[in-house]
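Taking it in order: structure first as structure tokens, then the write-up.
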Amino acid sequence: MNIFRLLGDLSHIASILILIHKIVTSRSCRGISFKTQALYATVFVARYLALFQPPYPYLIIMKLFFLGSSFYVIYLMKFKFRSRVELDIDSIRVEYLLGGSAVLALLFNYKFTPLEILWSFSIFLESVAILPQMFLLQRLGEAETITSHYIFALGAYRALYLFNWVYRLIFEPKHHFDYITFLAGLVQTGLYADFFYIYYEKVLHGKKFELPA
């Protein structure tokens, strides 16, 4: 554990709490991609099948939080505050994201066992899970401020995890360098690049968050 990983975990938790707060208080899922949330739930299920391994309380609590919160968000979006508008325009073909991640997991893994392949699959899928959300915002042309806060916190989590790996590479040279997670994290952070710039220019200066056409 180091400061970058801790801040990354806190940013990840904050992103989910912001999302749930937005949905519950506004009683609306406007601007939120159900497909992205379903992909994240798939990521957590594939990654945390060995729920109690390693047997560290911190990791177990985090796993339970991410699994429980992701399915709670799906419940809110699918049953309690279902939105026909978002369903109509949330149209990216997620089967390509799932299939591509599965192929990469079969090709790049640390051990050719079911759990290791599923872990690699979850890493590759997480790197592109935000794409339906980005495409949805692109089609809407704008986002509520609180939705942009959610996406920013989610992107910050992955960026901080990159710093975590760089830190460990420098100060923990005996530690195994996880190239799969690092490269997938680079891709994921890169997908947020334009969003971070617009977030800084618009939201932090009190302007309406709008995406270029």
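The values are calculated or read from the model by the stated rules, or taken from the named source; none is laboratory data. Everything numeric in this text was worked out from a predicted model, so none of it was measured. Here the Cβ positions follow ideal geometry from the backbone for every residue, glycine too, while neighbour counts run over all protein chains shown. To get the accessible areas, we keep the full protein, side chains included, count just its heavy atoms, and leave off ligands, DNA and RNA. Shrake-Rupley method; radii C 1.70, N 1.55, O 1.52, S 1.80 Å.
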In whole Å, what is the distance between the alpha-carbon centres of segment 98-129 and segment 147-192?
17 Å
Which whole-number value in Å² is the accessible area per residue of segment 1-154, probe 1.4 Å?
49 Å²
Taking Cα pairs closer than 8 Å and at least 6 residues apart, the relative contact order of segment 5-146 in percent is 36 percent
Listed residues Ser69, Met134, Gly185: farthest to the positive end of the dipole of the chain (Cβ charges):
Ser69
Between Phe196 and Phe182, what length in nm is gained on full extension when 0.36 nm per residue of separation is reduced by their alpha carbon distance?
3.1 nm
Treat every Asp and Glu Cβ in the chain as -1 and every Lys and Arg Cβ as +1, leave all other atoms uncharged, and give the resulting dipole magnitude about the Cα centre to the nearest 20 debye.
440 debye
Zero-based 10 Å bins, Cα pair distances in segment 22-135, whole percents:
14, 39, 33, 14, 1
Using a Förster distance of 35 Å, the FRET efficiency for Asn2-Thr145 (Cβ separation, nearest 0.05):
0.65
Within segment 103-182, list the trypsin sites (Lys or Arg not before Pro) lying in a DSSP loop whose Cβ has at most 14 other Cβ atoms in a 10 Å radius.
Lys111, Lys174
For segment 36-48, Karplus-derived ³J(HN,Hα) couplings (6.51, -1.76, 1.60; θ = phi - 60°; whole Hz; x for glycine and proline) come out as 4, 5, 5, 5, 5, 4, 5, 4, 5, 5, 5, 7, 10
With Cα coordinates, the longest principal axis of the chain makes an angle with the long axis of helix 131-140, in degrees rounded to 10, of 10 degrees
Counting only protein heavy atoms and a 1.4 Å probe, tell me what percentage of the chain's accessible area is made up of carbon and sulfur.
69 percent
Can you check what the net charge comes to around Glu116, using other residues whose Cβ is under 13 Å from the Cβ of Glu116 (Lys, Arg +1; Asp, Glu -1)?
+1
